[in-house]
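J.: Next up is a structure, given as structure tokens.
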Amino acid sequence: MHPNQSKEIFLQVSNLTKTFNDFTAVKGISFTVNKGEIFAFLGPNGAGKSTTIKMLTTLLSPTAGEMIINGFNPVNQQDEVRKSFGIVFQDPSLDEELTAYENMEFHGALYKVKQPLRKRRIEELLTIVDLWDRRDHLVKTFSGGMRRRLEIARGLLHHPKIFFLDEPTIGLDPQTRNQIWSYIEDLNKKEGITVFFTTHYMEEAERVAQRIAIIDHGEMIAQGTADELKKQTKTETLEDAFLSLTGRAIREEEASASEHMRMRRQMFRGRSR
Amino acid sequence: MQTIYILWLRQLKRYFRSRSRIIGSLGQPALFLVALGFGFGPIFQKAGGGNYIDFLAPGVIAQGILFTAIFSGIELIWDRQFGFLKETLVAPVSRFEIMLGRTLGGATIATMQGIIVFVLTLIIGFRPNLLYLPLALLVMFLIALLFTALGTAIASMLEDFQGFQLIMNFLVMPLFFLSGALFPLNTAPQFLKTISSLDPLTYGVDGLRAALLTTSQFGIVTDITVLGILTLIVLSVGGYLFSKIQI
């Protein structure tokens with residue numbers, strides 16, 4: 001924990017809702033992220049995490065509710081918001097036919113990072129993620145871990161104030177995961193960058209995040225530090241706390257599956273009669 | 001400007017790195033030139049049509065451009081599926097600039113492909129009038145721009161390659177075969193003439209014949225005007241559709 005950290009609110013979400021046709025993916029969630037904080041946004045698959053990140057990062061427009069990032073509104077101040085954040089998406093977003101350096105250069109041009117700062121910053125970041133020696137290799141020759149590291153370096157090129165990471169360590173071995181988190185924690189300490197991430201690895205969230213929010217079925221079900229969540233659920237680990245908070249939903253799903261079975265059985269009977 | 005430039009540059013880099021694509025896309029024009037050019041040549045001549053290779057070459061150049069252009073536009077679906085599109089969509093730049101940069105890149109590639117086919121036709125025996133070559137290059141670029149924009153506009157509405165076969169069979173092929181690239185329009189039946197006059201590529205092929213052979217159905221001014229206006233319309237529609245993409 002950072003005792004001298006100011007509690008200035010950097011990101012604020014209130015009653016955020018997103019409806020696709022007749023399906024509501026996000027149901028009026030509210031939370032805040034403080035400046036310089038590492039914030040974990042957890043939830044089972046399909047809970048609405050990615051939809052929320054897409055709305056925060058201007059890729060989707062919300063059905064209702066308010067969002068403020070760095071003092072700007074993602075709905076009508078898109079460019080200001082876009083300059084404020086960096087992002088590592090859940091699925092890959094590199095151009096495989098370009099080299100690592102060209103991917104960085106492309107990003108620098110899109111975000112109008114001026115020369116010679118751009119050149120210096122690219123070298124600095126590629127060195128941090130141990131890819132400087134491979135800068136002229138095509139991305140299609142890179143392993144999953146190298147690609148993730150490059151995406152992290154790229155997302156930081158324009159000095160974002162907040163860094164969104166949507167499952168940044170998925171499918172990576174423990175060594176690479178460990179390495180990636182130490183880069184991010186380092187950046188958070190050195191540059192004071194606010195970090196907002198999602199993960200399915202509870203031990204990562206417990207170790208790295210200062211505060212945690214858990215959503216399920218589009219609803220916010222708990223917020224607090226790992227210790228607070230454990231105390232609230234009377235559990236020993238964050239994983240148990242998570243399961244105790246979201247477990248109820250799984251039982252509901254089981255019930256609805258058996259409902260389907262029942263319906264099918266009735267239909268079958270109806271036909272055989 | 002920088003946004004348009006970097007997206008243009010990206011398309012070119014990708015093109016020069018896939019040599020198999022450059023060579024592969026020459027196969028079809030070469031086949032048309034050899035099989036149709038030499039196969040139908042004698043009959044065409046006997047019927048009083050003149051040198052068929054000369055007649056065919058502008059059509060085959062237009063075909064090479066059409067195919068490359070549509071493909072370059074449709075490539076947007078790859079970017080969407082491989083995730084790179086998201087990287088451009090969260091950047092603090094306007095979507096129209098992104099669309100324009102991509103499209104200009106694709107159009108440049110398609111024009112270069114057209115020039116390569118042009119050289120191929122010269123090797124096979126095409127003997128054009130090179131006086132108006134700059135005009136021919138302009139027509140080539142307009143064809144390229146129009147159809148790259150069309151490909152991009154279509155790709156903005158598609159999520160995957162499911163509809164690709166549909167586009168090939170019901171858009172690209174008819175555009176080519178009905179354009180008068182292979183047969184003279186002035187001797188064609190009236191219904192075919194009418195259909196052809198609705199095909200934008202017809203004006204491209206005619207413009208190329210006007211510039212390279214100084215024979216034309218509609219006149220170079222009409223050809224360039226039609227292509228130019230259509231390009232502006234398709235670019236605006238494409239820009240609108242691109243701005244509506246949600247991931």
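J.: Condition check: under 30 Å from residue B:152 (Cα atoms), crowded, with 20+ Cβ neighbours inside 10 Å, in contact (Cβ under 8 Å) with a residue 40 or more places away in the chain and more than 14 Å from chain A (Cβ to nearest Cβ). Does residue B:56 satisfy that?
T.: yes
Residue by residue, here is whether (1) in a helix (DSSP H, G or I); (2) farther than 16 Å from residue B:8 by Cβ holds:
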position	(1), (2)
B:48	no, yes
B:53	yes, yes
B:69	yes, no
B:77	yes, yes
B:92	no, yes
B:98	yes, no
B:101	yes, no
B:112	yes, no
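J.: Now for a separate question. For the stretch B:12-32, does any single residue satisfy the condition of being part of a helix (DSSP H, G or I), within 21 Å of residue B:202 (Cβ to Cβ), more than 14 Å from every other protein chain (Cβ to nearest Cβ) and β-branched (Val, Ile, Thr)?
T.: No, there is no match, as no residue in the stretch B:12-32 is part of a helix (DSSP H, G or I), within 21 Å of residue B:202 (Cβ to Cβ), more than 14 Å from every other protein chain (Cβ to nearest Cβ) and β-branched (Val, Ile, Thr).
J.: Okay, next question. Take the residues in the stretch A:188-211 that are over 22 Å from residue A:237 (Cβ atoms) and surrounded by fewer than 18 Cβ atoms within 10 Å (Cβ to Cβ); name whichever of them is modelled with the lowest pLDDT.
T.: Looking at residues that are over 22 Å from residue A:237 (Cβ atoms) and surrounded by fewer than 18 Cβ atoms within 10 Å (Cβ to Cβ), I get A:191.
J.: Tell me, please, whether a residue that is within 11 Å of chain B (Cβ to nearest Cβ) and of a type in the set (Phe, Trp, Tyr) can be found in the stretch A:23-37.
T.: No; the residues of the stretch A:23-37 include none that is within 11 Å of chain B (Cβ to nearest Cβ) and of a type in the set (Phe, Trp, Tyr).
J.: A further question follows. Within the stretch B:10-40, which residues are in contact (Cβ under 8 Å) with a residue 60 or more places away in the chain, more than 18 Å from the chain's Cα centre (by Cα) and buried (at least 17 other Cβ atoms within 10 Å of the Cβ)?
T.: Matches in the stretch B:10-40: B:10, B:36, B:37.
Yes/no matrix, rows are residues, columns are (1) in a strand (DSSP E or B); (2) crowded, with 23+ Cβ neighbours inside 10 Å:
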site: A:15; (1), (2): yes, no
site: A:51; (1), (2): no, no
site: A:55; (1), (2): no, yes
site: A:62; (1), (2): no, no
site: A:67; (1), (2): yes, no
site: A:87; (1), (2): yes, yes
site: A:91; (1), (2): no, no
site: A:114; (1), (2): no, no
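J.: Something else: In this structure, is residue B:131 in contact (Cβ under 8 Å) with a residue 12 or more places away in the chain, more than 14 Å from chain A (Cβ to nearest Cβ) and either among the hydrophobic types (A, V, I, L, M, F, W, C) or surrounded by fewer than 24 Cβ atoms within 10 Å (Cβ to Cβ) (or both)?
T.: No: the conditions fail for residue B:131.
J.: Please verify whether the stretch A:45-65 includes one or more residues that are in contact with a helix residue (DSSP H, G or I) (Cβ under 6 Å, 6 or more places away or on another chain), in contact (Cβ under 8 Å) with a residue 12 or more places away in the chain, within 11 Å of chain B (Cβ to nearest Cβ) and more than 30 Å from residue B:19 (Cα to Cα).
T.: yes
J.: Looking at A:185, A:97, can you tell me which residue is more than 9 Å from chain B (Cβ to nearest Cβ) and in contact (Cβ under 8 Å) with a residue 24 or more places away in the chain?
T.: A:185
J.: Would you check if there is a residue in the stretch A:222-233 being modelled with pLDDT under 90, touching a Leu at 6+ places or on another chain (Cβ under 8 Å) and farther than 19 Å from residue A:121 by Cα?
T.: The answer is yes, given that some residue of the stretch A:222-233 is modelled with pLDDT under 90, touching a Leu at 6+ places or on another chain (Cβ under 8 Å) and farther than 19 Å from residue A:121 by Cα.
J.: Conditions first: (1) more than 14 Å from chain B (Cβ to nearest Cβ); (2) touching a residue at least 40 places away in the same chain (Cβ under 8 Å). Residue A:92 passes all but one, so which condition is the exception?
T.: (1)
This table checks each residue for (1) within 30 Å of residue B:240 (Cβ to Cβ); (2) surrounded by 22 or more Cβ atoms within 10 Å (Cβ to Cβ).
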site: B:85; (1), (2): yes, no
site: B:92; (1), (2): yes, no
site: B:96; (1), (2): yes, no
site: B:106; (1), (2): yes, yes
site: B:113; (1), (2): yes, yes
site: B:116; (1), (2): no, no
site: B:119; (1), (2): no, no
site: B:123; (1), (2): no, no
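J.: Within the stretch B:136-182, track down each residue that is surrounded by fewer than 17 Cβ atoms within 10 Å (Cβ to Cβ), of a type in the set (A, V, I, L, M) and closer than 20 Å to residue B:200 by Cα.
T.: If the condition is that a residue be surrounded by fewer than 17 Cβ atoms within 10 Å (Cβ to Cβ), of a type in the set (A, V, I, L, M) and closer than 20 Å to residue B:200 by Cα, then B:137, B:166, B:168, B:171, B:173 are the ones that fit.
J.: Considering only residues that are within 14 Å of chain A (Cβ to nearest Cβ) and surrounded by fewer than 24 Cβ atoms within 10 Å (Cβ to Cβ), which ones fall in the stretch B:59-75?
T.: B:75
J.: Which of (1) within 14 Å of chain A (Cβ to nearest Cβ); (2) β-branched (Val, Ile, Thr); (3) in contact (Cβ under 8 Å) with a residue 24 or more places away in the chain does residue B:90 not meet, given it meets every other one?
T.: Of everything listed in (1) within 14 Å of chain A (Cβ to nearest Cβ); (2) β-branched (Val, Ile, Thr); (3) in contact (Cβ under 8 Å) with a residue 24 or more places away in the chain, residue B:90 misses just condition (3).
J.: Mind listing whichever residues of the stretch A:100-138 are within 10 Å of another protein chain (Cβ to nearest Cβ) and touching a Leu at 6+ places or on another chain (Cβ under 6 Å)?
T.: A:103, A:107, A:108
J.: Mind checking which helices (runs of 4 or more DSSP H) fall wholly inside the stretch B:180-246 and carry at least 2 residues that are under 30 Å from residue A:55 (Cβ atoms)?
T.: Passing ranges, in order: B:220-243.
The values are calculated or read from the model by the stated rules, or taken from the named source; none is laboratory data. Keep in mind the model is a prediction, meaning the values are calculated, not measured. Note that each Cβ is placed from the backbone with ideal geometry, even for glycine, and that neighbours are counted across all protein chains shown.
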